[in-house]
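The values are calculated or read from the model by the stated rules, or taken from the named source; none is laboratory data. Please read these numbers as outputs of a predicted model, since none were measured by experiment. Using ideal geometry, Cβ is built from the backbone for each residue, glycine included, and neighbour counts are taken over all protein chains shown. Surface accessibility is based on the protein's heavy atoms, side chains included, excluding ligands, DNA and RNA. Shrake-Rupley method; radii C 1.70, N 1.55, O 1.52, S 1.80 Å.
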Amino acid sequence: MAELQEVQITEEKPLLPGQTPEVAKTHSVETPYGSVTFTVYGTPKPKRPAILTYHDVGLNYKSCFQPLFQFGDMQEIIQNFVRVHVDAPGMEEGAPVFPLGYQYPSLDQLADMIPCILQYLNFSTVIGVGVGAGAYILSRYALTHPDMVEGLVLINIDPNAKGWMDWAAHKLTGLTSSIPEMILGHLFSQEELSGNSELIQKYRNIVTHAPNLENIELYWNSYNNRRDLNLERGGAVTLKCPVMLVVGDQAPHEDAVVECNSKLDPTQTSFLKMADSGGQPQLTQPGKLTEAFKYFLQGMGYMASSCMTRLSRSRTASLTSAASVDGNRSRSRTLSQSSESGTLPSGPPGHTMEVSC
């Protein structure tokens, strides 16, 4: 495994007024399935995992995660963890278009590139944060390398392979819609696309005018050819680390995330359904997601003294218990916004937690 490239870069603007821009290093390493590029922020912290992110189709690490990790309240987290942002092959800024006939890696093979990254960096464990295709890739990695993953934050995950009806609908849509339109329909809800907000205009421009659109289409095809993760609650195939599932209300992937939640260990899984966040919660509600991420890290035993502000000011906790489908000891806890004076309880991810915020 050889390093192909190392470039020192800085962010274009400070994360907070008066704050010095972060210095990052971008690397590329060879793997059995081709070269992969990743950007490292910060320095490793003793006895702490790295936060490793993986983006969705049509995006790269900056367009997918920059609004979240540049959010003011997120600074407490990034000061405590080194971050590794992975770009899927051909998705990094300035990436050349792959030659005609290039065989793009499957999502399973993209997951198999991650050990090469961690070996190069000499990192022992990670907390994964993935969106869409990236959430699937990190889940696949966690299934094959459970000892390397301490926790997962999975946004818009669909753990299922496409069924025949899905394939038929996909093919029919392909006859009437362009690749950018299909990808935008994957990223955002129809309500968001119809509203054509400033955010939608920005990301429509990113996808439609991407200089590497041919590469994006290859990633898109790999996502649509994904295998079923075959998750099974109580079965041999399951995620063994703490997991926080995140989806926005009215998001295209809401049903898939709910189904994924039903297949995971309820004592290890938190389910966060975010109101007013659409298809990309990390872009539209970075504050709420940051606060939930802090609670998740606290439940894992990190950042015990972290200052909680946003959710504790804006939310009361309404706790309801219900029996699980399989009759196990799981409980569903629903937290809903109702006043400005409530608090949100913290603690380990001991039960499945449905959160509307």
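How many residues does the range 225-236 contain that are surrounded by fewer than 18 Cβ atoms within 10 Å (Cβ to Cβ) and under 14 Å from Tyr136 (Cβ atoms)? Break it down stepwise before answering.
From the range 225-236, those surrounded by fewer than 18 Cβ atoms within 10 Å (Cβ to Cβ) are 225, 227-228, 230, 232-236; that's our starting set.
Filter once more, so that each one left must be under 14 Å from Tyr136 (Cβ atoms): 225, 227-228, 230.
Residues flagged as surrounded by fewer than 18 Cβ atoms within 10 Å (Cβ to Cβ) and under 14 Å from Tyr136 (Cβ atoms) within the range 225-236 amount to 4.
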Answer yes or no: is there a residue in the range 91-105 that is charged (D, E, K, R), in a loop (DSSP other than H, G, I, E, B) and at pLDDT 95 or above. yes
Testing Asn80 on (1) within 23 Å of Pro286 (Cα to Cα); (2) open to solvent by less than 10 Å² (accessible area, probe 1.4 Å), one condition comes back false. Which one is that? (2)
Take Val86 and decide whether it is of a type in the set (Val, Ile, Thr) and touching an Asp or Glu at 6+ places or on another chain (Cβ under 8 Å). no
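Tell me whether the range 142-159 contains one or more residues that are assigned to a helix (DSSP H, G or I), open to solvent by less than 20 Å² (accessible area, probe 1.4 Å) and at pLDDT 95 or above. I'd like the intermediate steps shown before the answer.
Of the residues in the range 142-159, the ones assigned to a helix (DSSP H, G or I) are 142-144, 146-148.
In the following step, the residues that additionally are open to solvent by less than 20 Å² (accessible area, probe 1.4 Å) were identified as 142.
Pick out the ones that are also at pLDDT 95 or above and you get 142.
Within the range 142-159, one or more residues are assigned to a helix (DSSP H, G or I), open to solvent by less than 20 Å² (accessible area, probe 1.4 Å) and at pLDDT 95 or above.
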Any residue that is farther than 30 Å from Ile179 by Cα and open to solvent by 40 Å² or more (accessible area, probe 1.4 Å) - is there at least one of those in the range 96-112? no
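Per-residue answers, yes or no, for (1) hydrophobic (A, V, I, L, M, F, W, C); (2) assigned to a strand (DSSP E or B):
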position	(1), (2)
Asn80	no, no
Ala111	yes, no
Ile114	yes, no
Gly130	no, yes
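Among the residues of the range 192-208, write down those that are surrounded by 11 or more Cβ atoms within 10 Å (Cβ to Cβ) and of a type outside the set (Val, Ile, Thr).
Step one: list which residues in the range 192-208 are surrounded by 11 or more Cβ atoms within 10 Å (Cβ to Cβ), which gives 192-193, 195, 197, 199-200, 202-208.
Of everything in the range 192-208, those that are surrounded by 11 or more Cβ atoms within 10 Å (Cβ to Cβ) and of a type outside the set (Val, Ile, Thr) turn out to be Glu192, Leu193, Gly195, Ser197, Leu199, Lys202, Tyr203, Arg204, Asn205.
State the number of residues belonging to the range 138-153 that are of a type in the set (A, V, I, L, M, F, W, C) and over 17 Å from Arg83 (Cβ atoms).
If we filter the range 138-153 for residues that are of a type in the set (A, V, I, L, M, F, W, C), which is where we start, we get 138, 142-143, 148-149, 152-153.
Restricting the remaining residues to those that are over 17 Å from Arg83 (Cβ atoms) gives 142-143.
Here the count works out to 2.
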Give me the pairs: first residue in the range 62-76 and open to solvent by 30 Å² or more (accessible area, probe 1.4 Å), second residue modelled with pLDDT of 95 or more and β-branched (Val, Ile, Thr), beta-carbon distance under 6 Å, and six or more apart or on different chains, which are they? Phe71/Thr290; Asp73/Thr290
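Assess whether Pro252 counts as being open to solvent by 10 Å² or more (accessible area, probe 1.4 Å) and modelled with pLDDT of 95 or more.
Working: open to solvent by 10 Å² or more (accessible area, probe 1.4 Å): yes; modelled with pLDDT of 95 or more: no.
So Pro252 fails the test.
Looking only at the range 260-282, filter to residues that are open to solvent by 20 Å² or more (accessible area, probe 1.4 Å) and assigned to a helix (DSSP H, G or I); which one of those is farthest from Gly248 (Cα to Cα)?
Taking the range 260-282 first, the residues open to solvent by 20 Å² or more (accessible area, probe 1.4 Å) are 262-263, 265, 267-268, 273, 275-276.
Now drop any that are not assigned to a helix (DSSP H, G or I), which leaves 262-263.
Numbers: Ser262: 17, Lys263: 19 Å.
Among residues in the range 260-282 that are open to solvent by 20 Å² or more (accessible area, probe 1.4 Å) and assigned to a helix (DSSP H, G or I), the one farthest from Gly248 (Cα to Cα) is Lys263.
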